[in-house]
Structure formats: C-alpha cells, structure tokens
Amino acid sequence: MRASQRVLSTTMFFAVIASAYAEATKDWTEFRGQGGGSKATADLPDDWSADKNIAWTSELPGRGLSGPIVVGDKVIITASSGPRGDRLHVLAMDARSGKEIWHRQFWATGNVSCHPKMCNATPTPATDGEHVVAFYSSNDMACLDLDGNLVWYRGLTHDYPLASNSLGMSSSPVVVGGVAVASVENEGESFLCGIDIKTGKNLWKAERPRAVQWASPVALRGKTSSEDLVLTQGSDGAVVRRPKTGEVIWKYDQKAGVVASATVAGDTVFIPSDGLVAAKLDYAQPEATVLWQSTRVRAGTPSPIIDQDRIYTINSAILQCSDAKTGEPIWKLRLKGSFSSTPVLAGSRLYAFNEDGIGFVVDVTAPEGKILSENKTGSSKENPDSGETILGSPAIAQDALFVRSDSHLWKIAKTP
Amino acid sequence: MSCLAPRVWRKPCWLVSAAWVMFGQLNVTCAEEGVALEHQIASLLSVEKEGKGNEEATAAWKRIAAVDAYSIPKILAAIDQAKPISANYIRSAVDAIAGRAKGENSPLPTAELETFLRTISHSPHARRFAYELLVAVDPSAKDRWVSTFLLDPSPELRRDSVEYWQGLGEKELSANGKDKAIELFEKAFSGAVDEDQVTALAKKLEDLGRPVDVPTHFGYIQNWKVIGPFDNTGEKGYDTVYPPEEKIELTAKYPGKGKEVSWVDLTTTHQLAKVDLQKGIEKAKGVIGYGYAIVTMPEARDAQLRISTPNGWKIWLNGNYIFGKAEYHSGEFFDQTVVDVRLNKGDNAVLVKCCQNEQTEPWTNVWRYQVRVCDSSGTAILASNRPKVQTIFEKED
C-alpha cells in the first residue's frame, strides 16, 4: 500500500470516529471552529458592502482579537475595555437579530499589560454546547452557561502570580471531554492545565518550558466524551493528551512554531514549525512519524487550513495553496495588507480578512486561485472607503459569516 | 431591602413591607430573606484560589442573580470586603440582576445607588459600577456627578472628571485665551492618573508656558544608588544572590563582571524617570545591576509599588523580597506590574535587581527600570526625603 493510500484509509477511519457532537452540531465552538478546521459547509455571499449582504451590525463594548463563536441561536463574543484594558466582557447575541441577550463583565485579576496591537480579549472563547469558557490575556477565565449564569470564575495569574506575558497572551482554550484545556505558556510560571468544566477546579496542571507561546490547543473529539483528546503545541513540539488527566499519548518533539496553531485533518497533523511539518497521528506509535517537512509552506500569524488534500496558508499577504500529501506548493495568490486573523473556508470559497478590514473572497478551486471580491468591512453608504480594523478570526454558522472588529460584530449572509 | 423570594411575588413583598413599616410592623419575612441574602453573599466571599469554594458559590450566584434590583446596593457593598475572584462573582450577579431589570423595564434603586456612590469608603470598583448603573437609567446623573470625581479613589471615575475639566479648559482657551484655561488644565492635571491624560495635559500646559513635573506627579523615584555590572551570562544571574541582596553597604566594593564594582549615584531626569543603567553603569549585555533608594514616610501606610522594565527584575522592600519576573524584552509598559506593600513610618529601603540578557536584536539594547510609589488610585505618594530634581526632562528616546 502506498503511503498516500494509507493516509487515505486512515483518514476515512478517523472520519468515522469523528465526534458525535461534531457530527450533530453546526455550531462554531472554538477558535477556528469544531476541531480547529476553520471550515464549514455553508452558502455564503461572494461579496458584501454597507447595503448588501450585511444581515445585521451590532456594537461591541470594547476591543477584541478574539473571534465569535456560535452555539445554537447565540453568538458569543468577548471584549475588553477601559484605559487599562482591565474591564472584561462576554456577551451573547441573538444570531438572527444581533440583539444582545446577555452581557457579563468582570475585572481582570491578572497582568493587563500587552502589546498595543493586542488587548485583553485576545483568546477566542470556547463551548461544549452547555458551557461557555471566556478566557483573556490576563489569564482570567469565566465559565458561564448559555443563559449567562456564572458557573465558576478562575484567575490563573491570581492563582499563579508569575504566569503572565507582558506582550499579552493569545492562546484560546478548548472544552473537550468535560475539561477546559488552556495553554498558559510564558517566561514566568509556564503551564498547561485541564480544568473541570463543572467545578472550575484543576484536574491537572503540566509544567511547561519557560518560553512564550501564543498558539492554541486543538480539540480531537471522539465518538464519546471519554474518547476525546486534545493536541497542544509549544516551542518544544506538539503532543496529544487525554484531557481528563493530561496524560501524553503521542508526541512530536521537534521545534514547533509559537504563533500559528497546528491543524489536524484525518490522521495527519500539520504543525507550523520552520515551515510546516506533516506528522502522522498514530497513537499506537507514541513518537510522531514525520510524513514530510517543508520550508516552502509557511504560515504567518494565520493558522493553516487543510481541505481535500490542499493546504492553505497566508504569510506576508501571500495566500498559498500546497499539496497536503507532499508539501509541494501548487499556486500562490497575492492579497493585500497584513493578516492577523485566520481565514475560513466554505466549499470553494476562502474568506480572509486583513487588518484593514478588507475581506477577500477567493475561489480556491480556480487553477491559480482567484480573488472574487474585496470587501471593505465596516464601510458606510456615506463613506464606502472607510473600514474597521479586523484582527479576530471569523466564524461560520447558519449560512452566515460572523466577523468582529474592535467596535462591531457583523453577520454577513445572503439572507437576513 | 433584600428579597430572595420568587420574583412573581417579590415586588408585592416590598410594597407589603412598606405598608407594614408604615404601620410599625416588623417585616419578618424580608428580614429572613435579608439574612438569606447575606448567607449567599458569604458563599461568594468564600471563594479561594484554584477554585476552592466554587460549587457553593455557583449555587449562591444563581440565587443572588434572581433577587430584585432593589437589593443591588447591598450586594455591591459586599465587594468592599471581596477578594478579586469573589468580586467578579458578585459583579456578574449584579450584571444579571440589572440586565433582567432592563429587559423588564423595571426601575433600579437610583436614590440608593447615589447614596452608594457618595459613600467614598465603598470599593472604588463597586462605586464605579454603581455610577454606570445609575447613568444607564438616568443620564442626567453624569452632569450632577462628573465634576466631583477629580480626586476620587476610583481611577475610572477620575478619568471621566479629568476629561470634563480638560474639556472646560479647551472651551475656555478657544473663547477667552489662556489665563483661565491654564487654571482649568492645571485642575484637570491634578486629578489625572492615567498616562495618556497626564502626558497630554503636561504637553498642553508646557505649550501654554506652564511646565509641570510629571515624575513627581506620578511619584517616580528619581534618586538612586546603583551598582554593577554583575554577571548574567546565560541568564543565570537572575537567581544568583549577589552581595547587595544580602546586605546594603554603600561604601563596599565587590568583584563584578570583569571589574570591581561600587555604588554610584544616579539621578534620572527622564520625563518618566526611567533609570538607565547603560548610563549609570555601562553598556553591556549579560549583566545585572542593582538600584537602591530610600523612601521616607511620615506615617506607616498601605501603598503600591508600580514597576516597569523591559528586563528581568526583582524588587525588595525593607529587605523583604516582594516580586520579580525573569522576562526579557517583552515590552515596557506604564505600570507594567503593580504590587501592594506596607510602608513603614520613617525610612523604607527599595532595592531593584535589573537583569540584562545577551539578546542582540536592536530592540534589546535597553537596560532600565522605573519604580513609582502611589496609592491604589495611582495617585503619587511622595516621600518626605524626596529631593528636588531638575525639572527639564529628557524626552523619550
């Protein structure tokens, strides 16, 4: 059996055991959506403007690099405000109308200093369909139910005072197997932890190298909650753990990147490193088997997307399509501007937002990739060239794209 | 009045209680409910580190979040004695109560909120929250209150007031020239504690021919004794105990990195009192320097030390280690780290260890720190031994 065939057969096996929750839900549950794939099946518009395909616009109470998540009929989003950025917000909005359903605020209990481009609301919240975990750069973590009732509150820097990064923390948590998994890796007290979603108490806390790390864990959901796993990434590599215990069952122990996050597709994990590494996720062999490594495939700040044996990466405004089986570049397409947010994919369309708020819609099935439209998000009829800074990654749900700036959340859809 | 009864009959409860009070009756039911509310609040106040007490707090939170908006001032008052995590349980419960009242078009107890706001002894966070609740339902409250917050213990309330007085200054400047405007700008400056407001007002006043002393306004320590370099090759010096950590002898000499070292005077004239060890000691990498200063207080008091540095650091007060971070070149921000301390009456010895590593990127060519002494609002606490420092300050590099 050729290597590619083996990859395909194992991919099918993993597809079968995909989480029941993932199969059942069309929710966008965490940073980059279910399992960190950054993609969903949806019928989205090819363009939008102030008076076209914007279903609603809602004002936000503060800044945020965090992306929205969507659970049921609610869009959940975090923000931070105040001259010190120490006011923490988490809001639920009606996905149909954009109307605020509930809004909770907290006072940061950890370090609030960060790079001016970042802010306290940088990590994207996460949900298991019952709970919402809102996490912030200050390492404050609030767990609420979907009605906005506080389930518990933790201040991880309050608990562990050396755990902070003066540039800001960005790693987004996941809720997997009944556990909120958070990466708090920094030059002080550096750790990963698994927190019981019901009680807010540590199930485990794993010491990590004292080095900064901004990438996010990836939820690997099994058929049942007990089969759920989580992939975590740091400067010393990537590992797969059991979320309830933190036990490591697989590891890639070579250098890994600390900004863009790894992406899992089938039984292969694609790890930003010096370029990109594709490694086989075979838990019968606890040490990673590297399938290929390429310095010609580079993810900048946005994380890679894998779809149908294609890898999509953005680095320095270049969108690159590469072969997922070999790492060979297939085509490159020049976009414009700087990109902090990870793009999303719906069918043949890739939606990438640069920091100036321009949303590029790209047909990735065109032979060399084709830009279908450039959409200034946040423009007005009176001032069509205006726009708002967009740093957070969008969400896809209910045939709509949910995108946030520092002051607004938009629902972009063909129909309201 | 605190009612933990189901909301369907909660409003009748306070109406009935009012009637009972009119007739001199004791409202036993609501008194019991008040006790129950206090019991629930106690659960929120009992939350400890690492989630201890979470389960009890979760149950209590739901009961508190279900009470009538008239209980908000009493619940807010609990923040006075709350640790930071408990304060967030309480705050978010009030969010839920106020949000529900808004959705139901129910009134908030505005008179009680104004009383709460007026009571300076309440937590600054809680008073700011009370103010926001008040203004949300009564926008005219802002006009009544904002001018009064200039020296408020809450930095957020101050900020609004500084903006108000600065705005008056701008109007005066446009309408009538600078004389009265300077007074208004100086008034605004007197209350400012945020870096952006302070620096903007300082520039405004300087442009109008009335320069101000920003380091003194912030309470930065400007006069130091410094010593170094000691070795920090491989960042190993961070945990190495060099002589200044054991005993301060200002006349002593020690073996340093490549040479004998001794204490020297260093007075910073930087506009934000950055203590540049590249000037005070030498330009070097893989080194450690110490700064030592005496802060004399007329009375013992609570205070904060606010430290900013792009280098690894540790700080001691009166020989006791307070805090530190082995973090290198991850930015340098205003009030980067805030630590609560107790200052003694008389002399207080502040010792800073500032560690430079061996990174070679251009942005790593900085070896410096700032320390200021202030209260929890950010208002300077000035030492009685604070010497006059020249008032022509160096601008930022």
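May I ask you to say which residue of A:343, A:384, A:329 is touching a Phe, Trp or Tyr at 6+ places or on another chain (Cβ under 8 Å) and not aliphatic (A, V, I, L, M)? Break it down into steps so the answer makes sense when it comes.
Numbers: A:384 fails: touching a Phe, Trp or Tyr at 6+ places or on another chain (Cβ under 8 Å); A:329 fails: touching a Phe, Trp or Tyr at 6+ places or on another chain (Cβ under 8 Å).
Sole residue among the options that is touching a Phe, Trp or Tyr at 6+ places or on another chain (Cβ under 8 Å) and not aliphatic (A, V, I, L, M): A:343.
Can you tell me which condition residue A:45 does not meet? The list is (1) in contact with a strand residue (DSSP E or B) (Cβ under 9 Å, 6 or more places away or on another chain); (2) open to solvent by 40 Å² or more (accessible area, probe 1.4 Å), and all the others hold.
(2)
Inside segment B:41-67, can you point out the residues that are more than 13 Å from chain A (Cβ to nearest Cβ) and crowded, with 22+ Cβ neighbours inside 10 Å?
Selection gives B:41, B:67.
Pairs, please: C-beta under 6 Å, at least 6 apart or cross-chain, first residue under 22 Å from residue A:358 (Cα atoms) and in segment A:305-333, second in a strand (DSSP E or B) and aromatic (Phe, Trp, Tyr)?
Listed by first residue and then by second, the contacts come to A:305/A:312; A:321/A:312; A:321/A:331.
Just need a number here: residues in segment A:165-189 that are open to solvent by less than 10 Å² (accessible area, probe 1.4 Å) and either facing chain B (nearest Cβ under 10 Å) or not aliphatic (A, V, I, L, M) (or both).
Count: 10.
Working only within segment B:295-313, note down all residues that are among the β-branched types (Val, Ile, Thr) and surrounded by fewer than 20 Cβ atoms within 10 Å (Cβ to Cβ). Please lay out each step first, then the result.
Here is the first cut: in segment B:295-313, the residues among the β-branched types (Val, Ile, Thr) are B:295-296, B:307, B:309.
Of everything in segment B:295-313, just one residue is among the β-branched types (Val, Ile, Thr) and surrounded by fewer than 20 Cβ atoms within 10 Å (Cβ to Cβ), namely B:296.
Please give the number of the condition residue B:100 fails out of (1) within 14 Å of chain A (Cβ to nearest Cβ); (2) under 18 Å from residue B:41 (Cα atoms); (3) among the basic types (Lys, Arg).
The one condition residue B:100 does not meet is (2).
Of the conditions (1) open to solvent by 40 Å² or more (accessible area, probe 1.4 Å); (2) more than 30 Å from the chain's Cα centre (by Cα); (3) over 18 Å from residue B:313 (Cα atoms), residue B:263 fails just one. Which one is it?
Of everything listed in (1) open to solvent by 40 Å² or more (accessible area, probe 1.4 Å); (2) more than 30 Å from the chain's Cα centre (by Cα); (3) over 18 Å from residue B:313 (Cα atoms), residue B:263 misses just condition (1).
Could you list, in sequence order, the residues of segment B:80-89 that are buried (at least 24 other Cβ atoms within 10 Å of the Cβ), touching a residue at least 12 places away in the same chain (Cβ under 8 Å) and within 20 Å of the chain's Cα centre (by Cα)?
Residues satisfying the conditions are B:85, B:87.
Please enumerate the residues belonging to segment B:186-216 that are within 14 Å of chain A (Cβ to nearest Cβ) and either over 23 Å from residue A:84 (Cα atoms) or open to solvent by 30 Å² or more (accessible area, probe 1.4 Å) (or both).
Across segment B:186-216, the qualifying residues are B:195, B:196, B:199, B:200.
Of the residues A:162, A:192, which single one is in a strand (DSSP E or B), farther than 24 Å from residue A:79 by Cβ and either in contact with a Lys or Arg (Cβ under 7 Å, 6 or more places away or on another chain) or facing chain B (nearest Cβ under 8 Å) (or both)?
On the way: A:162 fails: in a strand (DSSP E or B).
After ruling out the rest, the residue left standing is A:192.
Which of the residues that make up segment A:82-114 are polar (S, T, N, Q) and either in a loop (DSSP other than H, G, I, E, B) or more than 9 Å from every other protein chain (Cβ to nearest Cβ) (or both)?
Of everything in segment A:82-114, those that are polar (S, T, N, Q) and either in a loop (DSSP other than H, G, I, E, B) or more than 9 Å from every other protein chain (Cβ to nearest Cβ) (or both) turn out to be A:97, A:109, A:111, A:113.
Quick check, is residue B:151 open to solvent by less than 30 Å² (accessible area, probe 1.4 Å) and under 26 Å from the mean Cα position of the chain (by Cα)?
Judged against the criteria, residue B:151 is not a match.
Would you point out the residue of segment A:362-379, among those that are open to solvent by 40 Å² or more (accessible area, probe 1.4 Å) and assigned to a loop (DSSP other than H, G, I, E, B), that is nearest to residue A:31 (Cα to Cα)? Break it down stepwise before answering.
From segment A:362-379, those open to solvent by 40 Å² or more (accessible area, probe 1.4 Å) are A:365, A:367-368, A:370-372, A:374, A:376; that's our starting set.
Within this subset, residues satisfying the condition of being assigned to a loop (DSSP other than H, G, I, E, B) are A:365, A:367-368.
Details: A:365: 25, A:367: 29, A:368: 28 Å.
Going through the qualifying residues, I end up with A:365.
So which residues in segment A:380-392 are closer than 21 Å to residue A:338 by Cβ and open to solvent by 10 Å² or more (accessible area, probe 1.4 Å), if there are any at all?
Result: A:385, A:386, A:387, A:388, A:389, A:391.
Residue by residue through segment B:157-185, note down the ones that are hydrophobic (A, V, I, L, M, F, W, C) and surrounded by 14 or more Cβ atoms within 10 Å (Cβ to Cβ). Walk me through it before giving the result.
Here is the first cut: in segment B:157-185, the ones hydrophobic (A, V, I, L, M, F, W, C) are B:157, B:162, B:165, B:168, B:173, B:175, B:181-182, B:184-185.
Selection gives B:157, B:162, B:165, B:168, B:173, B:181, B:182, B:184, B:185.
Please specify each residue of segment A:144-159 satisfying the condition of being more than 7 Å from chain B (Cβ to nearest Cβ) and open to solvent by 10 Å² or more (accessible area, probe 1.4 Å).
Once the filter is applied, which keeps residues that are more than 7 Å from chain B (Cβ to nearest Cβ) and open to solvent by 10 Å² or more (accessible area, probe 1.4 Å), segment A:144-159 yields A:145, A:146, A:147, A:157.
Condition first: over 21 Å from residue A:33 (Cα atoms) and either open to solvent by 10 Å² or more (accessible area, probe 1.4 Å) or more than 8 Å from chain B (Cβ to nearest Cβ) (or both). Can you find one or more residues in segment A:121-130 that meet it? Steps first, answer last, please.
Here is the first cut: in segment A:121-130, the residues over 21 Å from residue A:33 (Cα atoms) are none.
No, the conditions are met nowhere in segment A:121-130.
Go through segment A:195-212 and report how many residues are part of a loop (DSSP other than H, G, I, E, B), touching a strand residue (DSSP E or B) at 6+ places or on another chain (Cβ under 6 Å) and within 13 Å of chain B (Cβ to nearest Cβ).
Selection size over segment A:195-212: 2.
Kindly evaluate residue B:292 against the criterion of being open to solvent by less than 40 Å² (accessible area, probe 1.4 Å), of a type in the set (Ser, Thr, Tyr) and outside any strand (DSSP E or B).
The answer is no for residue B:292.
Does segment B:233-247 contain any residue that is open to solvent by less than 20 Å² (accessible area, probe 1.4 Å), in contact with a Ser or Thr (Cβ under 8 Å, 6 or more places away or on another chain) and not hydrophobic (A, V, I, L, M, F, W, C)?
No, segment B:233-247 has no match at all.
Consider only pairs whose beta carbons are under 6 Å apart and that are at least six residues apart or on different chains; among these, list those whose first residue lies in segment A:194-215 and is closer than 24 Å to residue B:59 by Cβ and whose second residue is modelled with pLDDT under 95.
none
Just to check your reading of the model, which residue among A:86, A:94, A:51, A:73 is under 29 Å from residue A:348 (Cβ atoms), of a type outside the set (Gly, Ala, Ser) and at pLDDT 95 or above?
Going through A:86, A:94, A:51, A:73 in turn, just one is under 29 Å from residue A:348 (Cβ atoms), of a type outside the set (Gly, Ala, Ser) and at pLDDT 95 or above: A:73.
When only residues in segment B:314-336 that are open to solvent by less than 20 Å² (accessible area, probe 1.4 Å) and farther than 18 Å from residue A:168 by Cα count, which is farthest from the other protein chains (Cβ to nearest Cβ)?
That would be B:317.
What number of residues in segment A:252-275 are more than 15 Å from residue A:290 (Cα to Cα), open to solvent by 20 Å² or more (accessible area, probe 1.4 Å) and polar (S, T, N, Q)?
0
The rows are residues; the columns are (1) touching a residue at least 60 places away in the same chain (Cβ under 8 Å); (2) under 26 Å from residue B:234 (Cα atoms); (3) in contact with an Asp or Glu (Cβ under 9 Å, 6 or more places away or on another chain); (4) not small (Gly, Ala, Ser).
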residue: B:341; (1), (2), (3), (4): no, no, yes, yes
residue: B:348; (1), (2), (3), (4): no, no, no, yes
residue: B:353; (1), (2), (3), (4): yes, yes, yes, yes
residue: B:361; (1), (2), (3), (4): no, yes, no, yes
residue: B:368; (1), (2), (3), (4): yes, yes, yes, yes
residue: B:380; (1), (2), (3), (4): yes, no, no, no
residue: B:388; (1), (2), (3), (4): no, no, no, yes
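Answer yes if at least one residue in segment A:237-251 is surrounded by fewer than 24 Cβ atoms within 10 Å (Cβ to Cβ), more than 14 Å from every other protein chain (Cβ to nearest Cβ), touching a residue at least 60 places away in the same chain (Cβ under 8 Å) and over 24 Å from residue B:324 (Cβ atoms), and no otherwise.
Within segment A:237-251 (the criterion being surrounded by fewer than 24 Cβ atoms within 10 Å (Cβ to Cβ), more than 14 Å from every other protein chain (Cβ to nearest Cβ), touching a residue at least 60 places away in the same chain (Cβ under 8 Å) and over 24 Å from residue B:324 (Cβ atoms)), the answer is yes, since at least one residue qualifies.
The values are calculated or read from the model by the stated rules, or taken from the named source; none is laboratory data. Only a predicted model underlies this, so the values are computations on that prediction, with no experimental measurement involved. Heads up, the Cβs are rebuilt from the backbone with ideal geometry, glycines too, and the neighbour counts pull from every protein chain shown. Just so you know, the surface numbers come from the protein's heavy atoms only, side chains and all, with ligands and any DNA or RNA stripped out. Shrake-Rupley method; radii C 1.70, N 1.55, O 1.52, S 1.80 Å.
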